[in-house]
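Colleague: One structure is given below, represented as structure tokens, and several questions about it will come after.
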Amino acid sequence: MTSADKVPPGEGKEIPLTTFSTVTAGKGTNNAAGAGGVGTTWADYLLRSMPFLLAIVVLFNPIPRSTTITEAAYYLSLVFTGILVIFAKRKMDLGSPLTIPILAYFSWAVLGLCWTLDVTNTSHHVVAHLLKVVVFYFIWVNFVRGKVAIERLGGALVLAAIALTILLLYHHFALAGLSVLDKLVSPFPETPTNWVGFTLVAGVAMVFPFFRKGTGWLRGGGILALALLFLLTYITQSRATGMAILLTLVVMMLAFNKKKLLVVLLVGMVIFGLGPIRQKFASQGLDAGNYRLATAYASWLVMLDYPLGVGYGNEIYANHLDLKSYHRRVPEKFQCSLILTDPHSLLLSIGVRLGFVGVFLFLAVLTVFLAMCRQLIRQKRDLFGHDWGAAAMAGLLGFLVIALFEPSTSHYVDVVLFSILGIGTSAWNATFVDQDIVSPSVGDRL
């Protein structure tokens, strides 16, 4: 980097999209296509459209009856990627620290076809769900480069949460005629109530980096967004969602080190502490809580019987296993009359589908990503990377809190997870790759 290229702390170079450029993997250098031409080419238009198409996928992912829109945007981004790689000779950057863990996790799921209990169901879910979100992630980290693109995709996550909130609040209050004390029941099978929290947590986490902008309308909009998201969280009466939101606020408060966020956290604790969520925490009864323990124990027994997993198919657990016999093996003090057809936990679901190796590989993805976010937070040169690294970490931790207690094996939930991973990786690239800042190894200072 020459002296002319150096930037002061808190600022960073943008990757221009006005002319087609090839980002060299791991170096962040920009080489104009052709013989140094300056004009806008057809490839430039495709490049500019990529963040927009990804934003459409993110924005409409939680919205019911919008599958056609999200599918069209996804496949169009896939076609544009192929055109840029084949005809414009754009190199794909696979230098992210997450590349190897994600590909290893995906490869193990594919390898599970050799011993799955249902080849058809497993192949369907590997191709139609897992492969799609993995490709979605790699398209994201290659074409969401630069601060403006990251802000737009982060804003899309916020807008997705607000849009879902307004839709569900309208149905709850205006159409169903319920009060704020009544539990929210989502009328949309594509977005059940226990999945709403995944979008809420991502939206809350991504609001905070925009407060650094300092403009009054943006901060006011952020406060209004938080109020709406808190209201929907309150009426979901979900303990997992409530804990996830509070954990997200704690992480952001520690990362930003601001007293104002402490006030927001305390207000959130008071609101949730006085509401129906507190009553659910205090509720007693055998079937009220033991169905989770019984399901977890039965899932553990399945993992012991199938240490390599039963296959990635989402319906294998319910259709190919004798769940009644597994529940009879559960200790009597944990037994419950309710038998769930899903492990009801992300880690247990991965353990049942992909075995102990799958759990290890998934935890490797999480560990590497959290290490990347930690380094973004600890570095002092770029406040942008710090803020979005904190948002990505908070979003992932909140996501995991819900995923530990709710069924979370769906394409809808996967898109939220890989969007959070995409935001964190793009912030990593903007800070350590595209600015030519030397970063320590991901394994350092864990």
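Colleague: Here are the criteria: (1) buried (at least 19 other Cβ atoms within 10 Å of the Cβ); (2) at pLDDT 95 or above. Tell me which single one ILE316 does not satisfy.
Modeller: Answer for ILE316: the failing condition is (2).
Colleague: Spot the failing condition for MET303; the list is (1) of a type outside the set (Ser, Thr, Tyr); (2) buried (at least 18 other Cβ atoms within 10 Å of the Cβ); (3) more than 28 Å from GLY398 (Cβ to Cβ), and only one is missed.
Modeller: (3)
Colleague: Looking at the range 345-358, can you tell me whether even one residue there is at pLDDT below 95 and not in a helix (DSSP H, G or I)?
Modeller: yes
Colleague: Moving on to the next point. For the structure I just gave you, tell me whether GLY203 is in contact with a helix residue (DSSP H, G or I) (Cβ under 7 Å, 6 or more places away or on another chain) and modelled with pLDDT under 95.
Modeller: Values: in contact with a helix residue (DSSP H, G or I) (Cβ under 7 Å, 6 or more places away or on another chain): yes; modelled with pLDDT under 95: yes.
In short, yes.
Colleague: Here's another thing I want to ask about it. With the range 211-295 as the region, which helices (runs of 4 or more DSSP H) entirely inside it contain at least 1 residues that are among the hydrophobic types (A, V, I, L, M, F, W, C), exposed (fewer than 14 other Cβ atoms within 10 Å of the Cβ) and at pLDDT below 80?
Modeller: Numbers: elements: 216-236, 239-256, 259-274, 276-282.
Correct list: 216-236, 259-274, 276-282.
Colleague: Six or more apart or on different chains, Cβ atoms under 6 Å: show the pairs whose first residue is in the range 167-187 and surrounded by 13 or more Cβ atoms within 10 Å (Cβ to Cβ) and whose second is assigned to a loop (DSSP other than H, G, I, E, B).
Modeller: HIS171/PRO187; HIS172/LEU178; HIS172/LEU184; LYS183/GLN237; SER186/PRO192
Colleague: Looking at this structure, is SER337 of a type in the set (Gly, Ala, Ser) and part of a helix (DSSP H, G or I)?
Modeller: No, not satisfied.
The values are calculated or read from the model by the stated rules, or taken from the named source; none is laboratory data. None of these values were measured; they are calculated from a predicted model. A quick note on method: Cβ atoms are made from the backbone with ideal geometry, for glycine too, and the neighbour counts reach across all protein chains shown.
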